[in-house]
Amino acid sequence: MSDTEDYLIQAADRCKRLARAGREIATDLEAMSNELMGKAVELDTTRDKKQKTAR
């Protein structure tokens, strides 16, 4: 196998690994976003309840 062929195969493998890692990162970021949104809703609900009882 020539150096060029070897290089192209290695580059293709790196591209596949990076694409997989990118999808995993996107999935993790989406999960984190959902958790943060849930916490924001929780805090908003708690604040609303406190404001209603303070009246």
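Laboratory data are not the source of any read-out in this text; all were calculated from the coordinates shown. None of these values were measured; they are calculated from a predicted model. Cβ: placed from backbone, ideal geometry, glycine included. Neighbour counts: every protein chain shown.
A few comments on the model shown:
- Output for the stretch 18-55, where each listed residue is among the charged types (D, E, K, R) and under 17 Å from the mean Cα position of the chain (by Cα): R20, R23, E24, D28, E30, E35, K39
Every residue, every condition in (1) polar (S, T, N, Q); (2) in contact with a strand residue (DSSP E or B) (Cβ under 7 Å, 6 or more places away or on another chain); (3) surrounded by 10 or more Cβ atoms within 10 Å (Cβ to Cβ), yes or no:
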position: M1; (1), (2), (3): no, no, no
position: E5; (1), (2), (3): no, no, no
position: R20; (1), (2), (3): no, no, yes
position: T27; (1), (2), (3): yes, no, yes
position: M32; (1), (2), (3): no, no, yes
position: M37; (1), (2), (3): no, no, yes
position: L43; (1), (2), (3): no, no, yes
position: T46; (1), (2), (3): yes, no, yes
